[in-house]
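Encoded as structure tokens, the structure appears first; notes follow it.
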Amino acid sequence: MKGHISLGSSFRAILFIIPVGLLGLILVIFRVPQSTIIGVEIVFAIIVGIVVSGVRVAAQWEKGVVLRLGKFHAIKGPGMVYILPILEHVSFVDTRIQVLNIPSQKVITKDNVPAQIDGVVFFIVTNAEKAILSIQDFKFAIAQYSQTALRDVVGGLTLDELLSEREQVQAKIGEIVEVHIKDWGLHVDSIRLQDIEVPEDLKKMMSRQASAEREKRATITKAEGDKMAALNLSEAAAVMRSSPGAMRLRTLQTIDGLGPTSSNTVVIFPAELDDAVHEIGIFLGKKNREEKQE
């Protein structure tokens, strides 16, 4: 809903029809000649029409700036407002949060990358008098200031800063626009960047860079996992070395994990036989050393 809504048109029609109709009815009842009735009705209708034409109705979100003979007179509304016909004029101002589109802007970033940016600005009229008397068209003015501020801010940033610090860029543009328009009775609620377009070849390069970065992180993560696995295995080997029973249990778990399939053939030697063979080997080695010494 843009612009002033004429809520008072039906009200003015009622205020015009009722007295004119009542006067005509009274003249008919008193049997006034028809020619006289027509003349009186015309004159009365003109007078009532002029008086009723000063009735205005401002919506809840509107303020009326009244000018009397071209000079500021008062702020009226919301509700029914009466202005003197011919002598006064009223301009209604919407005091709700309003939205303006920032057309797509071609800018060059600090690192010489062309980009195309568009956005929206949300603002509100805080002083209806200043908004009407201080600037000719405050909507057009705020749109132009937003465009120039956007180009100035983006021109001082690199592409990476523009993409990674979007919230800070929006806040900085809003601060610059606010400085220029605060004396016009306006306040910037926020500025949002909708879309940032960069050349297609640059998009492909950024995509390759992102893929390489993800591959790098995956390689580092796998290497860290292999390192942790090696450390855990070395600690487990030290525990098994100090406890023969643990080694046997681990051997049995490994055998059980093979599963009962026909393709796996497992030959199990008694653990005592392995110990006996180990002790025999130690004994024979010791005996050979003694014979060499003799």
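Couple of notes before you dig in:
- Residue count for the stretch 154-164, restricted to those that are surrounded by 14 or more Cβ atoms within 10 Å (Cβ to Cβ) and among the charged types (D, E, K, R): 1.
- Some residue of the stretch 89-105 being under 46 Å from the mean Cα position of the chain (by Cα) and over 29 Å from LYS130 (Cα atoms): yes
- Number of the exception - PHE72 against (1) surrounded by 14 or more Cβ atoms within 10 Å (Cβ to Cβ); (2) in contact (Cβ under 8 Å) with a residue 60 or more places away in the chain: (1)
- Flag for LYS203 being of a type in the set (Lys, Arg), at pLDDT 80 or above and surrounded by 10 or more Cβ atoms within 10 Å (Cβ to Cβ): no
- Residue count, the stretch 85-111 (criterion: surrounded by fewer than 13 Cβ atoms within 10 Å (Cβ to Cβ) and assigned to a loop (DSSP other than H, G, I, E, B)): 4
- Enumeration of residues in the stretch 174-196 that are touching a residue at least 12 places away in the same chain (Cβ under 8 Å) and more than 17 Å from the chain's Cα centre (by Cα): ILE176, VAL177, HIS180, ILE181, ASP183, TRP184, GLY185, LEU186, HIS187
- Residue match in the stretch 54-62 (condition: closer than 30 Å to ASP201 by Cα and surrounded by fewer than 16 Cβ atoms within 10 Å (Cβ to Cβ)): no
- The set of residues in the stretch 112-154 that are touching a helix residue (DSSP H, G or I) at 6+ places or on another chain (Cβ under 8 Å), part of a helix (DSSP H, G or I) and under 29 Å from GLU165 (Cβ atoms) comprises ALA141, ILE142, TYR145, SER146, ALA149, LEU150, ASP152, VAL153, VAL154.
- Of all the residues in the stretch 1-55, those that are hydroxyl-bearing (Ser, Thr, Tyr), within 30 Å of ILE97 (Cα to Cα) and in a helix (DSSP H, G or I) number 2.
The values are calculated or read from the model by the stated rules, or taken from the named source; none is laboratory data. All figures in this text were calculated on a predicted structure; none of them were measured in a lab. Glycine also receives a Cβ, built like all others from the backbone with ideal geometry; neighbour counts cover every protein chain displayed.
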